[in-house]
Amino acid sequence: MIGRSNVGKSTLINSLIGRKGLARVSQTPGKTQAIQFYLVNERFYLVDLPGYGYAKVPREITASWGDLIRTYLETTEELRMLFLLLDARRVPSGDDLQIRDWMIERGSPWAAILTKTDKLSNNEMAKSRKEIAETIGLPSGDLIGFSKMNRKGVPEIWSAIGAALGATRAEQNS
């Protein structure tokens, strides 16, 4: 899970796993200051990366996160899928687009998840989905909307995870 500080990475992980306090959640941006690994069913890890962008921590710390994230992404052979989390209420930032470009350049499998969708009306969500899709260069139907309030998007995210893990099994069998 990768995205800006306070976009909802930890909240998403808690919703996927079904355990409210597993990943540390806070209203203060920048609480996740290290790479957090969550082993799921003894089969695979969900990984919560530190957020980028605004965080209420010293600049030296946020600067080190970039190197930490880059090193993890470039050296982890087991990486099967990246989820770029984007706040449904905001236009993707330059940092978001830089991450998207990095994933495309390296051929990394990825999907975009729109978080905090419950904070928008249906009309606002449709407009936001279209604008975000155009900004990141994906069809709007490819964006997965997520809401912690009603668990919207959770089945679609599990489906994407399953497909990524299935590809892994197929690779091992060939």
Taking first residues from segment 132-145 that are within 13 Å of ALA111 (Cβ to Cβ) and second residues anywhere that are among the acidic types (Asp, Glu) and not in a strand (DSSP E or B), the pairs with Cβ under 6 Å that are 6 or more apart or on different chains are ILE144/GLU156
Take the residues in segment 104-124 that are among the aliphatic types (A, V, I, L, M) and crowded, with 18+ Cβ neighbours inside 10 Å; name whichever of them is farthest from the chain's Cα centre (by Cα). LEU120
Out of segment 37-70, which residues are modelled with pLDDT of 65 or more, part of a loop (DSSP other than H, G, I, E, B) and closer than 17 Å to ILE2 by Cβ? LEU49, PRO50, GLY51, GLY53
From the option list ARG129, ARG80, single residue qualifying as in contact (Cβ under 8 Å) with a residue 60 or more places away in the chain, under 21 Å from LEU12 (Cα atoms) and either of a type outside the set (S, T, N, Q) or assigned to a loop (DSSP other than H, G, I, E, B) (or both) is ARG80
Please verify whether ALA170 is among the small types (Gly, Ala, Ser), at pLDDT 90 or above and either assigned to a loop (DSSP other than H, G, I, E, B) or surrounded by fewer than 18 Cβ atoms within 10 Å (Cβ to Cβ) (or both), treating the condition exactly as stated. no
Does segment 128-139 contain at least one residue that is exposed (fewer than 12 other Cβ atoms within 10 Å of the Cβ), more than 16 Å from the chain's Cα centre (by Cα) and among the basic types (Lys, Arg)? no
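The values are calculated or read from the model by the stated rules, or taken from the named source; none is laboratory data. A quick note: this is a predicted structure, and the numbers were derived from the prediction, not measured. Heads up, the Cβs are rebuilt from the backbone with ideal geometry, glycines too, and the neighbour counts pull from every protein chain shown.
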